[in-house]
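A short write-up of the structure that comes next.
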Amino acid sequence: MNIAVLLGGVGFDSQKRTIQGILDNALPKGDNVYIFTCDGWNYESRFKYEEGEYNIYQLPDFTQYEGVIINADTIHDLKVGKDLANRIQQAGVPCVSLNQKWESSVCVKLENETGIGMIVEHLVKEHGAKTIYFVSGPVDNNDAGQRLAAFKDALHQLGLECQEENILYGDYTYRSGIEAAKKYLQSGRPMPDAIMAANDEMAIGLILGLEDAGYRVPEDILVTGYDNSSVAQLNHPRLTTVRRGEYTAGEVAYKKLKKMICKERDITDEIVYGKAIFSQSCGCDKKQNYTHAELQKMYVKKSVDMDEHLRLLKSSAAEFTGLETFDDFMECSKRYIRQINPEYFYLCMCGSIENYYAELDRMAEGKERGRDASVYKDDIRIPLAYEKGKFNSYGEFHKKELLPSECKKGKKGDFYIVMPMHHQEYCFGYCVVGNYERALKDTFFFHFILNLENALETVRKQDTMKAVLVRMSHIWMYDELTEIYNRAGFRKYAVNFIEDAVKRKIPVGVLFVDIDGLKKVNDTYGHEEGDNYIKSIAQILEQNCCNGELLTRYGGDEFVILFSGYLNADIKEYIDKLQADIRNSNLLSGKEYQMDVSIGYYLETDADNINLEKIIEIADENMYAAKKAKKASREQN
């Protein structure tokens, strides 16, 4: 059985616990869990990077899964959340939604009122707090709104007034907690007895900001958090917080989804209640969770892990920066994937190599890419797969499959994390890492994926530059209308052409061709038809360059053919063939005018006396003599 799980901000402990609650129950039963997630977590404004991150939620085809568990509250874009709800409903698959009630879904709600109420009551009754400030989460976040409402209601129940000026809004990060402390300190108002934060990270940010200003926690100000994160337990002072029950919620969500899949009846919504944990930051419980020795061991282990991760990230970033080709990227990536050693890793890229280079060519020509580069293409390929220590690759498959069937065949009880691969809004594809627990413990793997993304962008920029240079070289050497050499291209290759003839001691000659009646065609039928006339003559000349001749558009209506090894009889036969081909083209064209050219040539038989400019000049003079003779002949007739 395949289950899709959708949530954001996996770096937060609360999401990790939710996922663990699902996995601990699903994997032993042989179910496969596909976790679609990203690192987009900016509430204040959306950057292009986050647009690319959130694109991952467009990827899953929900008809490919027996059920879905979603925590839309961690996907802070309301539009994305609504789109997911619609697509899940259209797919008709069972769905359990965490915290938000959707039509046709069962809701497992992690309520916020109990824990918040317990902390407010505790601060007021046990510690005599009369003024309590609150740092809320984002304005449009469901959980943040509930926690703020619970705070206001708890104050009201105790007969205390909640003033809006005492409420600040953050984005659940340490940084926003530090900024909140600064704002309170700079407000000019008396500092409160206590400050409550809507999560632990902001609470720790508050403590750091207050301590920088000389305030002691809890001696001068009481500070509390929410979520009971690992950092809350290790912080000094240890945080007073709320154990929310995310693990339980994940466990309950899976069990309810399983019942829905099995079509059991009367499956109802469920509420998971939070519980306050009173600790040192509010002046309670002086005991530590860990001994000094245990803390030392934890610190050393974390330092060693971090040092290894930083080494990998720094060395990979340095190597990836210097990549020039996709082959370089592949070889470099393999070295680091082998060091990280997940059980499974799949780099899934949009489209074929041929499509990629065609896109570069279009861009070099100043045209549109030919596809919307911000979305996933239907056809996906896997140039790099790592499966239980061995590298592999897979050809094209449809994106709705996520992975080729041969990758999934016979697998049970596995979990896969699906993450976007992009640069800003440009979508390279996605990656899938399987049974790699490290990706759920810290942010190392997400940072490594960012290095991979930057490496792909480096290669893409290199390829784009190469395509532009090729295009510029083409423009420099080729005539835009006829796609044959212009004078620059002709002179570049004529040097080697003549040097070869001199070495071989063979004659070199020039055919100078001038189109007749071009001005009249332009005046009578328009310049577009005049261009068609020029192109038609160029095609006939090019078709007759079968023995290494060098053809160029020498001027507006003039062409030069450089040849070697011909004798006078050969040249005359060559000219007769050209003129015959032009007559045949006139018979087939159905045009109202007749194409014709005047041709002059010069043959230099002395290999030691070859002067390209001179023989072109003589051939040009001979062409004009031929044109003049042709005109005189027409006038006599």
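The values are calculated or read from the model by the stated rules, or taken from the named source; none is laboratory data. Just so it is clear, the model here is predicted, and its values are computed rather than measured. Because the Cβ atoms are built from the backbone with ideal geometry, glycine has one as well, and the counts that use them run over all protein chains shown. Heads up: the accessible areas ignore ligands, DNA and RNA and are worked out on the full protein's heavy atoms, side chains in. Shrake-Rupley method; radii C 1.70, N 1.55, O 1.52, S 1.80 Å.
Details
- Kirkwood radius and radius of gyration were both taken over the C-alpha atoms of the stretch 398-462, and their ratio Rg/Rh is 1.02.
- Principal-axis tilt of helix 13-26 within the chain, Cα atoms, nearest 10 degrees: 90 degrees
- For I267, the solvent-accessible surface computed with a 1.4 Å probe is close to 40 Å², ligands and nucleic acids excluded.
- Total charge dipole magnitude, the chain, about the Cα centre, Cβ charges on Lys, Arg, Asp, Glu only, Debye to nearest 20: 1620 debye
- Distance between the stretch 483-560 and the stretch 140-167 - C-alpha centres, whole angstrom: 83 Å
- For the stretch 306-463, the per residue solvent-accessible surface stands at 45 Å², with DNA, RNA and ligands left out and a 1.4 Å probe.
- Cross-link partners for K183 among the lysines, with Cα-Cα distance under 24 Å and sequence neighbours closer than 8 places in the same chain left out: K130, K152.
- With Rh defined as the Kirkwood radius, the inverse of the mean 1/r over Cα pairs, the Rg/Rh of the chain is 1.22.
- Within the accessible surface of the chain, defined with a 1.4 Å probe on protein heavy atoms only, the carbon and sulfur portion equals 49 percent.
- DSSP assigns beta bridges within the chain; of those with both partners inside it, close to 60 percent run antiparallel.
- Whole-percent pair-distance distribution, where bins are 5 Å wide, for the alpha carbons of the stretch 487-637: 2, 9, 18, 22, 20, 14, 8, 5, 2, 1
- In the stretch 70-118, GluC sites (Glu not before Pro) in a DSSP loop with at most 12 other beta-carbon atoms within 10 Å: E103
- Positive dipole terminus of the chain, leading residue within Q157, W476, C546 (C-beta point charges): Q157
- Filtered GluC sites (Glu not before Pro), the stretch 151-255: DSSP coil and at most 12 other beta carbons within 10 Å: E161, E219
- Structure note, pairs K535/K627; K48/K101; K29/K263; K82/K408; K29/K334: Cα-Cα distances above 23 angstrom occur for K48/K101; K82/K408; K29/K334.
- In terms of overall dimensions, the stretch 579-637 has a Cα radius of gyration and Dmax of 15.7, 48 angstrom.
- Reachable lysines from K275, criterion Cα separation under 17 angstrom, eight or more residues apart if same chain: K109
- Note on the stretch 192-287: the alpha carbon radius of gyration divided by the globular reference 2.2 N^0.38 Å gives 1.44.
- Relative to its Kirkwood radius, the Cα radius of gyration of the stretch 317-469 gives an Rg/Rh of 0.96.
- Over the stretch 478-637, accessible surface divided per residue gives 55 Å², non-protein components excluded, 1.4 Å probe.
- Size of electric dipole in the stretch 106-265: Cβ of Lys, Arg +1 and of Asp, Glu -1, about Cα centre, debye, nearest 20: 760 debye
- Rounded to the nearest 10 degrees, the angle from helix 113-127 to the longest Cα principal axis of the chain is 50 degrees.
- Compared with the dominant principal axis of the Cα atoms in the chain, helix 200-212 is inclined by about 80°.
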